[in-house]
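Participant: This is the structure I want to talk about, given as structure tokens.
The values are calculated or read from the model by the stated rules, or taken from the named source; none is laboratory data. A quick note: this is a predicted structure, and the numbers were derived from the prediction, not measured. Here the Cβ is made from the backbone with ideal geometry for all residues, glycine too, and neighbour counts use every protein chain on show. With ligands, DNA and RNA removed, areas are computed over all heavy atoms of the protein, side chains included. Shrake-Rupley method; radii C 1.70, N 1.55, O 1.52, S 1.80 Å.
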Amino acid sequence: MITKHSHTSIASIIDRLPLGPYRIGIVSVCFLVALMDGFDTQAIGFAAPAISSSLHIPITAFGQVFSAGLLGAMLGAFVLGPMADHFGRRWMLAGSVVAFSLFSLLTPHAPDLFWLLLCRFFAGLGLGGAIPNLLALSSEYAPRRIRGLLTGLLFAGFPLGGAIGAVTSAYLLPLFGWPALFHVGGTIPLVLAAVIAWAFPEPLQFVLRQPDGQRRVRQIVRRIVPNMPADETVYVDTEERPGRLPVRHLFSGGRAAPTLLLWIAFSMCFMLLIALVLWTPALLREAGVRASQATLIVGLVNLGSVAGTALGGRLVDRFDPCIVLVTLFGIGAIGVSSLGYAIGSVTLLGLFAALSGFSLGAASSALLGVAVLIYPSMMRATGVGWAMALGRMGQATGPLVIGALLAAGYPPNRIFLCWTAPALCAAAAAMLLRWTGLGTAPAAHRGLIPDFARSLRPVATKSRRGGSQ
């Protein structure tokens with residue numbers, strides 16, 4: 001029990017108190033935002049043929065439309081993630097959600113290709129800003145022991161939103177036309193933005209630095225645990241506090257190598273995931289697979305990804321993060337390369353598609369779990385935002401590389417084989433993380449702090465003295 005006038009660290013409060021309905025509500029709303037991101041990303045793909053016919057835009061021009069959204073998402077992650085470290089997570093998250101909501105609603109009113117590109121760019125900008133902020137905000141209120149699990153569950157919202165988009169598109173397009181997809185995808189996020197703006201708290205570390213911070217922190221703590229007795233506990237922030245330039249601090253305190261390696265892994269992983277979703281139908285049809293079967297295969301990729309993203313963070317909590325990532329990327333390499341050699345069997349195609357989606361989805365959420373653990377609170381949104389931005393950059397370049405291989409005359413089975421390259425690059429980056437001090441113990445039991453070499457030495461010394469527990 002907290003004693004009167006005691007000094008208590010914010011981190012210990014977050015880790016020690018029960019999760020409770022209040023924090024579950026925060027995570028649930030963040031999950032719905034992530035789900036709407038996946039819905040919007042898939043909706044433009046499903047609606048492309050109808051938009052092409054309605055606006056008389058050649059279907060070949062939709063490569064620009066997809067790229068505009070991905071470019072906006074990349075810039076949003078670069079810009080809006082770091083801004084939240086200065087101005088607060090809640091308002092930046094709410095503003096990002098409003099942006100992608102409004103421009104989704106404006107998409108059906110675009111009269112030509114130029115305005116369509118503009119709408120998709122700014123919708124992507126909001127999407128890119130929302131994701132690192134919702135991940136950072138939810139992690140601020142999650143106990144460290146389950147932080148990786150919650151990150152994985154949040155990231156599972158992306159493929160689940162895509163799967164819901166597929167089902168919704170099949171129902172709405174024939175009955176109401178393609179604008180209905182964007183009406184649904186724009187209206188629901190507006191409601192979520194209102195909830196975020198009026199009901200969400202800022203992270204306790206951020207609140208503590210504001211005027212009357214102690215009183216406001218006590219109010220939030222009593223929301224987390226309503227029966228918490230009123231007292232005069234003094235809350236302190238014991239986490240490392242960076243200077244005025246958070247981006248620079250991503251490369252200080254022993255973080256330079258882990259940051260660069262995370263960026264490599266993120267870009268390779270996201271490149272492979274987007275190529276797998278966007279190009280698999282076309283490549284399978286090129287190889288003679290029927291359109292309905294190709295759609296089924298992509299559906300299995302999404303289902304596997306949903307399961308994998310929900311599990312990846314938990315794997316990081318319980319096992320060595322490096323071994324987890326290397327294993328998942330290795331399985332992903334086997335899965336995607338095998339797709340090209342299973343063309344004659346729909347059963348085998350489905351098996352390898354689900355395996356690929358599961359392993360790469362789990363790897364992506366495991367990477368996010370590692371990212372939110374290795375950066376301290378005051379730069380967490382910046383670290384996750386830049387990592388996500390590099391992932392978005394991989395998304396933007398991946399489809400172009402596959403298109404270039406097709407144009408060069410590569411057969412589908414060779415292209416599937418080429419997909420092992422980014423998976424193996426990501427696995428190598430994960431293995432090199434061991435050299436930075438991201439050691440062999442499960443992340444949840446190691447208490448990661450930014451200076452890896454410094455943080456692991458006391459743990460190793462304690463282990464030698466005390467033996468196994």
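Participant: Label segment 98-197 by shape, choosing from rounded, prolate and oblate, from the square roots a ≥ b ≥ c of the eigenvalues of the Cα gyration tensor; if a/c is under 1.5 it is rounded, and otherwise prolate applies when a/b is larger than b/c, oblate when it is not.
Facilitator: On the way: a/c = 2.55, a/b = 1.73, b/c = 1.47.
Verdict is prolate for segment 98-197.
Participant: How big is the Rg/Rh ratio for segment 13-92, C-alpha atoms only, Rh by Kirkwood, two decimals? Don't jump to the answer; show the numbers that get you there.
Facilitator: Values: Rg = 18.4 Å, Rh = 15.9 Å.
My calculation of the ratio gives 1.16.
Participant: Starting from one equal scatterer on each C-alpha and no solvent at all, send me the Debye-based log10 I(q)/I(0) for segment 274-354 at q = 0.18 Å⁻¹, two decimals.
Facilitator: -0.74
Participant: Whole angstrom only: what separates the Cα centroid of segment 386-418 from the Cα centroid of segment 47-112?
Facilitator: 21
Participant: Where the accessible area of segment 247-397 is counted over protein heavy atoms with a 1.4 Å probe, how much of it, in %, is carbon and sulfur? Provide the component values of the computation, followed by the final result.
Facilitator: Values: 3330 of 4580 Å².
C and S fraction of accessible area: 73 percent.
Participant: Using a 1.4 Å probe, how large is the accessible area of T168, given in Å² and rounded to the nearest 10?
Facilitator: Only protein atoms counted, so the area is about 30 Å².
Participant: Follow-up. Heavy atoms of the protein only, probe of 1.4 Å, neighbouring chains included. What is the accessible area of M92 in Å², nearest 10?
Facilitator: Ignoring ligands and nucleic acids, M92 comes out at about 30 Å².
Participant: Rounded to a whole number, what % of the accessible area of segment 21-158 do carbon and sulfur atoms account for, probe 1.4 Å? Walk me through the numbers before you get to the answer.
Facilitator: Details: 3550 of 4610 Å².
Whole-percent figure for carbon plus sulfur exposure: 77.
Participant: log10 I(q)/I(0), Debye, Cα-only segment 39-169, no solvent, q = 0.13, 0.15, 0.18 Å⁻¹?
Facilitator: Evaluating at q = 0.13, 0.15, 0.18 Å⁻¹ gives log10 I(q)/I(0) of -0.58, -0.74, -0.99.
Participant: Continuing with this model, one more query. Need one number: nm distance between label points at H56 and D15, each 7 Å from Cα along Cα→Cβ, rounded to one decimal.
Facilitator: Between H56 and D15, the simple spin-label model gives 6.5 nm.
Participant: Rg and Dmax of segment 129-187, using alpha carbons, in Å: what are they?
Facilitator: 15.6, 47
Participant: Leaving ligands, DNA and RNA out of it, work out the accessible area of V384 with a 1.4 Å probe and give it in Å² to the nearest 10.
Facilitator: The accessible area of V384 comes to roughly 0 Å².
Participant: Would you mind classifying segment 23-62 by shape? Square roots of the alpha carbon gyration tensor eigenvalues, ordered a ≥ b ≥ c; an a/c under 1.5 is rounded, otherwise it is prolate if a/b is larger than b/c and oblate if not. Could you put the intermediate results ahead of the total?
Facilitator: Numbers: a/c = 6.31, a/b = 4.79, b/c = 1.32.
Here segment 23-62 falls in the prolate category.
Participant: Follow-up question, since we're still on this one. Report P(r) for segment 65-113: all Cα-Cα distances, bin width 5 Å, range 0 to the bin holding the largest distance, values in whole percent.
Facilitator: In whole percents, the pair-distance histogram is 5, 17, 23, 25, 15, 9, 5, 1.
Participant: Order F200, F78 by their accessible area, 1.4 angstrom probe, all chains in place, largest first. Intermediate results must be reported in sequence, preceding the final value.
Facilitator: Details: F200 10, F78 40 Å².
Per-residue accessible area, sorted high to low, gives F78, F200.
Participant: Starting from the amide H of T8, placed 1.01 Å from N in the peptide plane, find each other amide H under 5 Å away whose residue is 5 or more places distant or on another chain.
Facilitator: V234, Y235, V236
Participant: What shape does segment 86-142 take by its C-alpha gyration tensor, where a ≥ b ≥ c are the square roots of the eigenvalues and a/c under 1.5 counts as rounded, a/b above b/c as prolate, and the rest as oblate?
Facilitator: Numbers: a/c = 3.41, a/b = 3.26, b/c = 1.04.
Prolate.
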